[in-house]
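Colleague: Just dropping this structure here.
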Amino acid sequence: MSRQKIRGIRPTRIELLKIRKRIVVAEKGHELLQEKLDTMVIEFFRLREMREDLRRDAEEAFAAAYPPLQRAGMVMGLRGLNEALSLTKPAEEIRFDNGMVMGTSVPAIFIPDPFRDLSEPGYSLSVPSAHLDVAYRECETAVKATLALAELEGSLVRLADQITITRRRVNALANLLIPSLYNTAAYIEDYLEEIEREDLFRRKRAKLVRSGG
């Protein structure tokens, strides 16, 4: 263990009391930060599992949308399909903001529910097709999953950064500050004990001189 001490500290009883108080505060801070770090790591892995589920949902939804879209193109023809999709009605507004996860600011995407006005599909009805209805529903599911996935990816990046920062603080407390505080306290204690021994020796010697010894 390093014997590094805190510089600029006078070896007095008052400073020793201050150092001991700092040790208590530093150890409590280390304990709280370690608990926070452990909780953030657990949350990170939980979100990572969710990410895999969302990614699978998005991939499955896009894969499910392609066959009916292809069949709609075969039934309606490429021109009819393009016409139906060219007049796409906009979805409800998607809002981007910030949220909080474990005290960390993370991106938040507010997906409207319902995604569109359920009374009308999101495309032109000039050339109706049941296949297009199915493709539309699957694509909407895929878009929602993709947006949720993007939000989760952003949260993972921010949380990973915060985990790195917190781990550095925990290590700095455990490996640098707290040991240096203990070393400083030990140095002051040794210094004061040495002063007391020297003072005791002087008093004994003075007593002997006075007694004629």
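Colleague: Considering (1) exposed (fewer than 12 other Cβ atoms within 10 Å of the Cβ); (2) more than 36 Å from the chain's Cα centre (by Cα); (3) at pLDDT below 75, say which one Arg79 fails and leave the rest.
Modeller: Here Arg79 meets the rest and fails (3).
Colleague: Turning to a different aspect of this structure: Take the stretch 1-45 and flag every residue that is touching a Ser or Thr at 6+ places or on another chain (Cβ under 7 Å) and basic (Lys, Arg). First the steps, then the outcome.
Modeller: Let us first name the residues in the stretch 1-45 that are touching a Ser or Thr at 6+ places or on another chain (Cβ under 7 Å), namely 4-6, 9, 19, 33, 36-37, 40.
If the condition is that a residue be touching a Ser or Thr at 6+ places or on another chain (Cβ under 7 Å) and basic (Lys, Arg), then Lys5, Lys36 are the ones that fit.
Colleague: Moving on. Yes or no: Gly73 part of a helix (DSSP H, G or I) and either more than 32 Å from the chain's Cα centre (by Cα) or not acidic (Asp, Glu) (or both)?
Modeller: On the way: part of a helix (DSSP H, G or I): yes; either more than 32 Å from the chain's Cα centre (by Cα) or not acidic (Asp, Glu) (or both): yes.
Answer is yes for this residue.
Colleague: Go over the candidates Ser129, Ser119 one by one and state the one that is out of contact with any Pro (no Cβ under 8 Å at 6 or more places or on another chain), closer than 30 Å to Arg56 by Cβ and at pLDDT below 80.
Modeller: On the way: Ser119 fails: closer than 30 Å to Arg56 by Cβ.
Of the residues listed, the single one that is out of contact with any Pro (no Cβ under 8 Å at 6 or more places or on another chain), closer than 30 Å to Arg56 by Cβ and at pLDDT below 80 is Ser129.
Colleague: Take the residues in the stretch 39-51 that are surrounded by 12 or more Cβ atoms within 10 Å (Cβ to Cβ) and either charged (D, E, K, R) or modelled with pLDDT under 90 (or both), then tell me which one is nearest to Ser180 (Cα to Cα).
Modeller: Our first condition is that a residue be surrounded by 12 or more Cβ atoms within 10 Å (Cβ to Cβ); within the stretch 39-51, this holds for 39-41, 43-44, 47-48, 50-51.
Applying the additional criterion that residues be either charged (D, E, K, R) or modelled with pLDDT under 90 (or both) yields 43, 48, 51.
Working: Glu43: 33, Arg48: 38, Arg51: 42 Å.
Going through the qualifying residues, I end up with Glu43.
Colleague: Can you find, within the stretch 173-213, the residue that is farthest from Arg20 (Cα to Cα) among those that are surrounded by fewer than 11 Cβ atoms within 10 Å (Cβ to Cβ) and among the hydrophobic types (A, V, I, L, M, F, W, C)?
Modeller: Once the filter is applied, the top-ranked residue is Val209.
Per-residue answers, yes or no, for (1) within 30 Å of Thr39 (Cα to Cα); (2) within 37 Å of the chain's Cα centre (by Cα); (3) modelled with pLDDT of 75 or more:
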{"position": "Pro68", "(1), (2), (3)": "no, no, yes"}
{"position": "Thr88", "(1), (2), (3)": "no, no, no"}
{"position": "Thr104", "(1), (2), (3)": "yes, yes, yes"}
{"position": "Phe110", "(1), (2), (3)": "yes, yes, yes"}
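Colleague: Check the stretch 7-28 and report whether any residue there is of a type outside the set (Phe, Trp, Tyr), outside any helix (DSSP H, G or I), at pLDDT below 85 and more than 30 Å from His131 (Cβ to Cβ). Working first, answer last.
Modeller: Residues of the stretch 7-28 of a type outside the set (Phe, Trp, Tyr): 7-28.
Add one more test, that the residue is outside any helix (DSSP H, G or I), and what stays is 7-12.
Subsequent filtering for residues that are at pLDDT below 85 retains 7-8.
If we keep only those that are more than 30 Å from His131 (Cβ to Cβ) too, we end up with 7-8.
Within the stretch 7-28, one or more residues are of a type outside the set (Phe, Trp, Tyr), outside any helix (DSSP H, G or I), at pLDDT below 85 and more than 30 Å from His131 (Cβ to Cβ).
The values are calculated or read from the model by the stated rules, or taken from the named source; none is laboratory data. What you see is a predicted model; the values in this text were computed from it and never measured. Positions of Cβ are backbone-derived with ideal geometry, glycine not excepted, and every protein chain shown enters the neighbour counts.
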